[in-house]
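Please read the structure below before turning to the comments.
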Amino acid sequence: MKCALITGGSRGIGRAVCIKMAELGYHVLINYKGNEAAALETLEAVKAAGSTGELLQFNVGSAEEVSSVLGAWMEAHKEDQIEVLVNNAGVREDGLMFMMSEAQWNNVLNISLNGFYYVTKQVLSSMLMKRYGRIINMVSLSGIKGLAGQTNYSAAKAGVIGATKALAQEIAKRGVTVNAVAPGFIKTDMTAELNEKELAAQVPMNRFGTAEEVAEAVAFFASKGAGYITGEVLSINGGLYT
Ligand code: NAP
């Protein structure tokens, strides 16, 4: 069985990526943190797209949970290959730096950056052994240009961009590519409380993007045809930043 693991697959961009991977014929491993109802909806959508899938609940920011849940799954599925890993889970806890608590800083860094480390490390050896793999990291415009009020989030995403480039070079010879997708404003729960009208006016395309538009780019990096592309960061932001 060829599998695609999407962290934070229960909602938003992650859900759209799960559906896209299902359309490409992958058995979809839908990771989520706590929203089981949403994760089950994603699973239904994966089935409706003509494929199979299952839920894997773990906090990507917990080394222990990643190892006990994902590690156990891999141990029990030695014949099944995770070909595609999408490190998508992320949170934002915005605030001005002078008021930012240590917990706000650590939580955002832990989920995006440590989460990338824990999950990728768990899956990497098997990709290297099989000499094939596609790792796609969900970063952000915020990690490229920095956004006021998001020092924690910008730092976390910039960190993942650095890790993407370093790991890409480290494992290029083994047929495993590592790329990142950097969305601008995308309509999901994460952006639900933002002033869409005001912010969309700053976007050359004059609108927020959709999760499906981000999933298209992920599917490209996941494809066999993208085999000579590694260490890249692709912006999907309606022209907001070039
Ligand atoms: P979202 O709608 O808020 O969904 C977040 C997803 O991440 C949910 O599936 C959630 O699971 C999961 N999650 C959160 N913390 C987790 C943890 N510790 N362990 C495992 N899963 C966890 O977010 P989104 O807008 O789709 O964003 C997805 C990714 O794109 C994030 O990395 C985000 O930073 C990035 N991004 C988003 C935008 C945007 O405009 N939306 C722009 C740039 C980058 P539960 O359902 O269980 O809570």
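The values are calculated or read from the model by the stated rules, or taken from the named source; none is laboratory data. Values in this document were obtained by computation on a predicted structure and should not be read as measured data. Here the Cβ positions follow ideal geometry from the backbone for every residue, glycine too, while neighbour counts run over all protein chains shown. We work out accessible area using only protein heavy atoms, side chains counted, and drop any ligands, DNA or RNA first. Shrake-Rupley method; radii C 1.70, N 1.55, O 1.52, S 1.80 Å.
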*Has the range 137-148 got at least one residue that is crowded, with 19+ Cβ neighbours inside 10 Å and within 23 Å of Glu23 (Cβ to Cβ)?*
yes
*How many residues are in a helix (DSSP H, G or I) and either touching a helix residue (DSSP H, G or I) at 6+ places or on another chain (Cβ under 6 Å) or away from the ligand (no atom under 16 Å from the Cβ) (or both) when one looks only at the range 72-92?*
4
*Any chance the range 151-168 includes a residue that's closer than 23 Å to Ile13 by Cβ, hydroxyl-bearing (Ser, Thr, Tyr) and out of contact with any Lys or Arg (no Cβ under 9 Å at 6 or more places or on another chain)?*
yes
*Search the range 80-93 for residues that are free of Cβ contacts under 8 Å to residues at least 12 places away in the same chain and pair each with any residue that is more than 10 Å from the ligand (Cβ to nearest atom) when their beta-carbon atoms are under 6 Å apart and the residues are at least 6 apart or on different chains.*
none
*Taking helices (runs of 4 or more DSSP H) that fall entirely within the range 114-219, which contain at least 3 residues that are of a type in the set (D, E, K, R)?*
151-171, 196-200
*Look through the range 179-206, keep the residues that are of a type in the set (Val, Ile, Thr) and out of contact with any Lys or Arg (no Cβ under 8 Å at 6 or more places or on another chain), and return whichever of them is surrounded by the most Cβ atoms within 10 Å (Cβ to Cβ).*
Val181
_Return the pair list, or none, for Cβ contacts closer than 8 Å from residues in the range 170-187 that are touching a residue at least 60 places away in the same chain (Cβ under 8 Å) to residues that are among the hydrophobic types (A, V, I, L, M, F, W, C) and not in a strand (DSSP E or B), at least 6 apart or on different chains._
Pro183/Ile13; Pro183/Leu141; Pro183/Val214; Ile186/Ile13; Ile186/Phe208; Ile186/Ala211; Ile186/Val214
*In the range 93-112, what residues are open to solvent by 50 Å² or more (accessible area, probe 1.4 Å) and either assigned to a helix (DSSP H, G or I) or under 22 Å from Met138 (Cβ atoms) (or both)?*
Glu93, Asp94, Met97, Phe98, Met99, Glu102, Ala103, Trp105, Asn106, Asn107
*asked:* For the range 1-37: of the residues being among the aliphatic types (A, V, I, L, M) and within 14 Å of Ala89 (Cα to Cα), which is surrounded by the fewest Cβ atoms within 10 Å (Cβ to Cβ)?
replied: Leu29
